[in-house]
1. Return the residue satisfying two criteria in turn: it lies in the range 1-20 and is of a type in the set (A, V, I, L, M, F, W, C) and touching a strand residue (DSSP E or B) at 6+ places or on another chain (Cβ under 8 Å), and of such residues it is most open to solvent (accessible area, probe 1.4 Å).
2. Give the residues of the range 44-57 that are open to solvent by less than 80 Å² (accessible area, probe 1.4 Å) and part of a loop (DSSP other than H, G, I, E, B), sorted by residue number.
3. Against the conditions (1) more than 10 Å from the chain's Cα centre (by Cα); (2) modelled with pLDDT of 90 or more, where does ASP6 fall short? Just the number, please.
4. Which numbered condition in (1) open to solvent by less than 60 Å² (accessible area, probe 1.4 Å); (2) out of contact with any Gly (no Cβ under 9 Å at 6 or more places or on another chain); (3) at pLDDT below 90 is the only one that VAL60 fails?
5. Give the residues of the range 1-20 that are over 23 Å from THR64 (Cα atoms) and part of a loop (DSSP other than H, G, I, E, B), sorted by residue number.
6. Somewhere in the range 21-43, is a residue acidic (Asp, Glu), open to solvent by 60 Å² or more (accessible area, probe 1.4 Å), part of a loop (DSSP other than H, G, I, E, B) and in contact with a Phe, Trp or Tyr (Cβ under 8 Å, 6 or more places away or on another chain)?
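The values are calculated or read from the model by the stated rules, or taken from the named source; none is laboratory data. These figures come from a predicted structure and were not determined experimentally. No Cβ is skipped: glycine too gets one built from the backbone with ideal geometry, and neighbour counts run over all protein chains shown. Surface accessibility is based on the protein's heavy atoms, side chains included, excluding ligands, DNA and RNA. Shrake-Rupley method; radii C 1.70, N 1.55, O 1.52, S 1.80 Å.
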Amino acid sequence: ADQAVDAAVDRLLRLSQGEHVELRSRSDPYRLWRQVAEFAPGGYSLVYLQEGPERWAVEVTRQTKPAA
């Protein structure tokens, strides 16, 4: 399980600005989200598409930088 979380975090951190990915899991991906938030606070948004109890789906989007 730890390797799956590490691989997912790695992939999310490589998203381009504005790019999104849908993740599906048999458990709440909150643990994954916590790790991403540690590495890039405020850099990503998370939307729950399906909330268990047997299947979970979330869409994670890398935020774009605001215009200066």
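1. ALA8
2. GLY52
3. The single condition ASP6 does not satisfy is (2).
4. For VAL60, the failing item is (3).
5. Residue satisfying the conditions is ALA1 alone.
6. Yes: the range 21-43 contains one or more residues that are acidic (Asp, Glu), open to solvent by 60 Å² or more (accessible area, probe 1.4 Å), part of a loop (DSSP other than H, G, I, E, B) and in contact with a Phe, Trp or Tyr (Cβ under 8 Å, 6 or more places away or on another chain).
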